[in-house]
Amino acid sequence: MRFLFLLLFAVMLCNPQVVAAWVSPHPLEWEQEAPAALIPFPQKVEWKEGTVSVPGAAGWMLRGDVEKTDAINIAWDGILKDCSGKSRNILAVTLEKTQDGLPAEAQEQGYRLSVTPDGVLIRAASDAGFFYGLQTLRQLAVNGRPLRCCEITDWPAFRYRGYLQDCGRNFRKIERLKKELDLAAQLKVNLFHWHLTDNPGWRVQCKSYPKLNDPKYRTRDFNDTYSYAQIREVVEYARKRHITVIPELDMPGHSKYFNKAFGFAMHSPEGMKIIGELLDEFCKEIPAEMCPIIHFGADEVRIPNAVQFVNFVVEKLKSHGRQAVQWASRRDLGKHPDSIGQRWLDGADVASVSLTNLKGRTFDSIIGYTNVYEPALMVRRYFFMRPCAAGKGDELRLGTIMGIWPDGRVEHKELIPATCNMWPAMCAMVERSWQGGEADGDAFPTDMPAPDTEANKAYSLFQKRAAAIRKTIFADEPFPVWPETEVNWTVVAPVGKGQVEATREAVLKGELAGLATRPAHGASLYFRTREGSGCIGLFPKGRPGQTLWAITTIQAKKDGKKKFMIGFDAPERSNRRYTGLPAKPGDWDVAGSRIWVNGKEIRNPHRYKYAGQRSSGNAWQFDNPPLEPEELWWLLDPVELPLVKGKNTIVIEHPLVSWHQAWQVSLIPVKTGAWPQ
């Protein structure tokens, strides 16, 4: 979906003057002193002297006059499930309903958590506050570690922190969606945007027009439909975890199944009559108290009766007591004044999400889609972003929704979180949406800040927290990102074909004085993103036919082989656009990239089933074959490089050969006990 997001991404990443002043919204000392990994990190923390021993599950006691709601019981059960303490003491956790000590902006979802030698006290003014306080306690007590005495006062900067799953194109089973809701709730995510219909099919049970569930009108997942009972089950499951479900019934675009089934379009008089009945049925089956917000798409389509159509749908939803949401870019139908707009792309839309020109209540999905680019780039993007281009939310700036759009047909659906980097990106998204922060770091994804900056230090600390969370909350989930701030480079600027051999010779000899070079930081380097994204990166004017070199040094304590994740062109998961798999054994990529370690060339040990195949061609041909795991380098095994004791020089030569190519390099040392190998 959302191809023009790339254009907006390009514009938003090009403001180095603002980037230079980036500061963390909280003192980094708070993180450095933290006894456990907390994501999102709290707004205010005071670490105190002393610890409290953690008992086994039988020693935990929940007290207080607060009603033990479903949410509180679920959070409490999670603490007991994770607890592995050995102490025989009794640890009392007392819940107290009060507004005292909470700032006005913290009343809806905030809490205070106090750990003293006498036990734990959680104060909140709402059930959500108690739920989030218990989630923080769960992270503090993980693995049975002693609780550090502390005083935490915490609340979200933005009201909503959400994620989207596209189940219209690629059906996901109910059990899997519920597991994802469980995990997201532990990160204080509170919104699930459920994209239920798209060109391949209407995935919602249809009683008034059963033909919409007929496999012959579908192009994928032919027999997969969510019954109304299942939809209610997911909505209720989410509600108990303080997650609001926003179902999306995409109309009038993204509806090829409708045209096939009825022989006319949704925006025709006959079509509008039918969608009115479909909305009546959906709202009857899924009552307003369960689902107060409904998204009706309205994206990527042009129709002659746009105003009439939008008014009809919004008024229909209002008649059922629903708040309408619609996509809101220049390629979509005009937004109704009563709709919440969900911004997603288009360079000219930057002004519409600025601090001064925002019109109407807004969800921000401009921040990015997890199916775009290589994983580390998107984690950086979410960490340094400003949701709704603001430091905190208000009545217009509602929060952010992270999009997961593997648009093409997915063969291995269990790998969607891995291929689309769902969990690391969610950690970064919720960190910034909860913490907020006035500093604008939009340029950092393609140009990592220097090691001596606060931005680099903050990102390094976040990566350490995420590495720890990966081994606890996400122990059974794919988490394809590795700590990368320790790697620094000298990059030799691109040269044309006639200069490649001479430049290569100078680079391998270490004779860089006569070459144009620049420093770069981070294990993943982005020289120029593919055409259509604005061609942004360290060398945005790079063109096919040019070659550059990246040089780094790695220290080794002894002779031997060390594991690295190594990658080049990363296909977009929405449209599989990239250069394809290398044809010859030993080649690193189609472009002809080469790697030397201490002057000796290293060949690629991976062997590919589809060698020499799988290039994208036309990026938006949806009947292209689905992506295979071997096409995504972060799903492969690490490569062992031979190192000697002391300093090792690694040189990577990387040509640009196609506008479809993402001109990028990743060379990530995999440490023992670090993120997954």
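Every number here is computed from the coordinates shown, using simple stated rules; none is lab data. Since the structure is predicted, the reported quantities are computational estimates derived from the model, not experimental observations. Here the Cβ positions follow ideal geometry from the backbone for every residue, glycine too, while neighbour counts run over all protein chains shown.
Which order do the peptides 372-384, 104-116 come out in when sorted by mean C-beta neighbours inside 10 angstrom, highest first?
The most tightly packed comes first, giving 372-384, 104-116.
Just the number: Rg to Rh for the range 430-536, Cα atoms, Kirkwood Rh, two decimals. Before the final figure, lay out the partial values.
Numbers: Rg = 18.0 Å, Rh = 16.9 Å.
Looking at the range 430-536, the ratio lands at 1.07.
Which values, in whole Å and largest first, are the semi-axes of the equivalent ellipsoid of the range 170-319 obtained as the square root of 5 times each eigenvalue of the Cα gyration tensor? The partial results should precede the final answer.
Working: eigenvalues 137, 63, 37 Å².
Equivalent ellipsoid semi-axes, largest first: 26, 18, 14 Å.
Could you calculate the contour length gain from R607 to F264, that is, 0.36 nm times the residue separation minus the distance between their Cα atoms, to one decimal place in nm? Walk me through the intermediate numbers first.
Numbers: separation 343, 0.36 × 343 = 123.48 nm, distance 4.87 nm.
Between R607 and F264, full extension yields 118.6 nm more.
Residues in the range 388-428, backbone N under 18 Å from the label point at A21 (7 Å along the Cα-to-beta-carbon vector): list them, ranges by number please.
389-392
Among T94, W634, I652, which residue has its Cα positioned farthest towards the positive end of the charge dipole of the chain, with +1 placed on the Cβ of Lys and Arg, -1 on the Cβ of Asp and Glu, and the dipole taken about the Cα centre?
The Cα lying farthest towards the positive end belongs to I652.
Quote the charge dipole size of the chain about the Cα centre in Debye, to the nearest 20; the model charges only the Cβ of Lys and Arg (+1) and of Asp and Glu (-1). Working shown, then result.
Values: 86 positive and 78 negative charges, 254 e Å.
In total the dipole reaches around 1220 debye.
How large is log10 of I(q)/I(0) for the range 120-199 at q = 0.18, 0.22 Å⁻¹ when the intensity is taken from the Debye formula with one equal scatterer per alpha-carbon?
Debye curve over Cα of the range 120-199, log10 I(q)/I(0) at q = 0.18, 0.22 Å⁻¹: -0.86, -1.07.
Restricting things to Cα coordinates, could you compute the convex hull volume per residue of the chain in Å³? Intermediate results must be reported in sequence, preceding the final value.
Details: hull volume 107.7 nm³, N = 677.
Residue-normalised Cα hull volume stands at 159 Å³.
Taking all pairs of distinct Cα atoms, average 1/r, flip it, and tell me the Kirkwood hydrodynamic radius of the range 507-615 in Å to one decimal place.
Details: mean 1/r = 0.0612 Å⁻¹.
Hydrodynamic radius (Kirkwood, Cα pairs) of the range 507-615 is 16.3 Å.
Return the percentage of antiparallel bridges among DSSP beta bridges fully within the chain, rounded to the nearest 5 %. Intermediate values should be presented prior to the final figure.
Numbers: 57 of 99 bridges.
Around 60 percent antiparallel, to the nearest 5.
Using a Förster radius of 30 Å, what is the FRET efficiency between E289 and I174 based on their Cβ-Cβ separation? Nearest 0.05, please. Before the final figure, lay out the partial values.
Numbers: r = 21 Å, r/R0 = 0.70.
So the FRET efficiency works out to roughly 0.90.
So, in nm, how far is label V500 from label E630 when the simple model puts each one 7 Å beyond its Cα toward the Cβ?
Using points 7 Å along Cα→Cβ, the separation is 2.5 nm.
Please list log₁₀ I(q)/I(0) at q = 0.14, 0.21 Å⁻¹ for the range 55-199, using the Debye equation with identical point scatterers on the alpha-carbon positions.
Listed by q, the Debye log ratios stand at -0.71, -1.28.
Quick one: Debye curve from the C-alpha atoms of the range 482-669, no solvent, what's log10 I(q)/I(0) at q = 0.10 Å⁻¹?
So the normalised log intensities work out to -0.39.
Quick one: go through the range 129-159 and flag any residue whose amide nitrogen is under 12 Å from the point 7 Å out along the Cα-to-Cβ line of E46.
Within reach of a label on E46: 150-153.
In the range 135-233, with Lys and Arg counted as +1 and Asp and Glu as -1 at Cβ, which of these residues, Q230, V189, Y163, has the Cα nearest the positive end of the dipole, that is, farthest along it?
It is Q230.
Over all directions, the average projected area of the alpha-carbon convex hull for the range 374-462 comes to how many nm²? Please report the intermediate quantities before stating the final value.
Numbers: hull surface 26.7 nm².
Hull-based average projected area comes out at 6.7 nm².
Using the Cβ atoms and a cut-off under 9 Å, what net charge is assigned to the surroundings of T362, where Lys and Arg are +1 and Asp and Glu are -1? Don't skip to the answer; put the middle values down first.
Numbers: positive: R343, K359, R361, R397; negative: D364.
Local net charge: +3.
Assuming R0 = 35 Å, can you tell me the calculated FRET efficiency for the pair D182 and K86, based on Cβ-Cβ distance, to the nearest 0.05? Working shown, then result.
Values: r = 27 Å, r/R0 = 0.76.
According to the calculation, E is roughly 0.85.
I need the calculated FRET efficiency for the pair F222 and N305, taking r as the beta carbon distance and R₀ as 41 Å, to the nearest 0.05. All intermediate terms of the calculation are to be shown ahead of the outcome.
Values: r = 32 Å, r/R0 = 0.78.
That pair, F222 with N305, gives E of 0.80.
Once Rh is set to the Kirkwood radius over Cα pairs, what Stokes-Einstein translational diffusion coefficient, in µm²/s, holds for the range 158-439 at a temperature of 10 °C and a viscosity of 1.306 mPa s? Can you show the working numbers first?
On the way: Rh = 18.9 Å.
Estimated via Stokes-Einstein, D reaches 84 µm²/s.
Would you mind putting 494-503, 255-264 in packing order, based on average other-beta-carbon counts within 10 Å, highest first? Kindly include the intermediate steps, with their values, before the conclusion.
On the way: 494-503: 14.1, 255-264: 18.1.
Highest to lowest by the protection proxy: 255-264, 494-503.
Which loop-located trypsin sites (Lys or Arg not before Pro) does the range 521-603 contain, where loop means any DSSP state but H, G, I, E or B and the Cβ has at most 16 other Cβ atoms within 10 Å?
On the way: sites: R528, R530, K541, K557, K558, K561, K562, K563, R573, R576, R577, R594, K600, R603; in loops: R530, K541, K557, K558, R573, R576, R577, R603.
Here the sparse-neighbourhood loop sites are K541, K557, K558, R603.
If you take every residue apart from E96 with its C-beta less than 15 Å away from the C-beta of E96, what net charge results, scoring Lys and Arg +1 and Asp and Glu -1?
On the way: positive: R63, K68, K97, R112, R123; negative: D65, E67, D100, D118, D127, E151.
Once positives and negatives cancel, what remains is -1.
Going toward the positive end of the dipole of the chain, with +1 on Lys and Arg Cβ and -1 on Asp and Glu Cβ, which of P40, G510, W344 do you reach last?
So the residue we want is G510.
Roughly speaking, what is the stretch gain from T116 to A583, that is 0.36 nm per residue apart minus the C-alpha to C-alpha distance, in nm to one decimal? Don't skip to the answer; put the middle values down first.
Numbers: separation 467, 0.36 × 467 = 168.12 nm, distance 6.28 nm.
Result: 161.8 nm gained on full extension.
Under a Cβ-only charge scheme (Lys and Arg +1, Asp and Glu -1), can you give me the dipole magnitude of the range 44-154 about the Cα centre, in debye to the nearest 20? Mind showing how you got there, number by number?
On the way: 13 positive and 15 negative charges, 115 e Å.
Once rounded to the nearest 20, the dipole reads 560 debye.
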